[in-house]
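Participant: Before I ask anything, let me first share the structure, which is written out below as structure tokens.
The values are calculated or read from the model by the stated rules, or taken from the named source; none is laboratory data. These numbers were taken from a predicted model, which means no experiment stands behind them. Reconstructed Cβ throughout: ideal geometry from the backbone, glycine too, with neighbour counts over all protein chains shown.
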Amino acid sequence: MKRGNPWLSVLFWIFVSFLTLFPIYWLFVISVKPAVELFSAPEVILRTAYWQNYIDVLNDRTLRGYMLNSLIISSCNALLVTTLGFLACYALSRFDFGGKESIFFWTITNRMAPPAVFLLPLFLLLTQVYRIGNFTLLDTRTGMILVYCTFNLPFAIWTLRPTLDGIPKELDEAAFVDGASSWKVITEIVFPLCRPGLAVTLILTWVFAWNEYLLAATLTNFNARTLTTGLSEYITTTGTSWGIMAAISVFTLIPALIIFSLVQRHIVAGLTFGAVKG
């Protein structure tokens, strides 16, 4: 298409953008319509906005608590996963030991399995293994942070491994010759070069934890319930509050859209090209 008619390429990307953005637009339209108008006149073009759904969501103390839980769980999990993934990839990249590639492949297999497979084992772990007196990690923020590590940590290792492999070992060796310690090499040489990759990993794992529904709906009840699970509370036997659910969905989209808009700033190629100390 680049060598042919440029308008064909423009029309193609307009069509792709329309397919991608229309569901988000339709979600917003549903969120600003009252229930009567939503079922009687489901027009695609938005003519008047009904903001009461957003006001009800913001005034709901329970939903604000769910949003706080989502922010704490997703942020702490992203920081923990990125830190552990960075240290694990450093070991896999810098040290030679038997079964290294097998360990790397084993961590990826945890990501391949569907989350529903881990529901029963995780429930038993949170209720029995991690019992401290009468206290368990079930329905706690700490428990959900650890649960999300099961799926996000393999992804972080898989994402950061190429970044660490792309940093020449000669940089570490030169620093060791100059008298630097292992910790100083990690923090002052390897870490700055990995910052773009770490930023991307942090952002993506944060979004994964923020959007997760199945595990949060099963392993939480009220104390650690997240915003995405709050949607199910508006599906009752008397009816479904589609406007409120759409408004909550818009609130869950806003942080993810902001985070994803920052990803492109950190995707940099060839950071270590020519960085080997001569």
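Participant: Go through segment 194-206 residue by residue and tally those that are surrounded by fewer than 18 Cβ atoms within 10 Å (Cβ to Cβ) and farther than 21 Å from SER70 by Cβ.
Facilitator: 2
Participant: Does MET112 satisfy the criteria of being closer than 30 Å to ASN221 by Cα, loosely packed, with under 13 Cβ neighbours inside 10 Å, assigned by TED's automatic domain parsing to the domain that holds LEU146 and of a type in the set (A, V, I, L, M)?
Facilitator: Spelling it out, MET112 is indeed closer than 30 Å to ASN221 by Cα, loosely packed, with under 13 Cβ neighbours inside 10 Å, assigned by TED's automatic domain parsing to the domain that holds LEU146 and of a type in the set (A, V, I, L, M).
Participant: Tell me the helices (runs of 4 or more DSSP H) entirely within segment 1-104 that contain at least 3 residues that are out of contact with any helix residue (DSSP H, G or I) (no Cβ under 9 Å at 6 or more places or on another chain), over 30 Å from PRO196 (Cα atoms) and of a type outside the set (Lys, Arg).
Facilitator: Result: 6-31, 35-40.
Participant: Ok, one more. State which residue is farthest from the chain's Cα centre (by Cα) when the search covers only segment 137-150 and only residues that are crowded, with 21+ Cβ neighbours inside 10 Å and in a helix (DSSP H, G or I).
Facilitator: Going through the qualifying residues, I end up with GLY143.
Participant: Then there is this: With the requirement that a residue be crowded, with 19+ Cβ neighbours inside 10 Å and in a helix (DSSP H, G or I), what does segment 160-171 give you?
Facilitator: Answer for segment 160-171, where residues must be crowded, with 19+ Cβ neighbours inside 10 Å and in a helix (DSSP H, G or I): LEU160, ARG161, THR163, LEU164.
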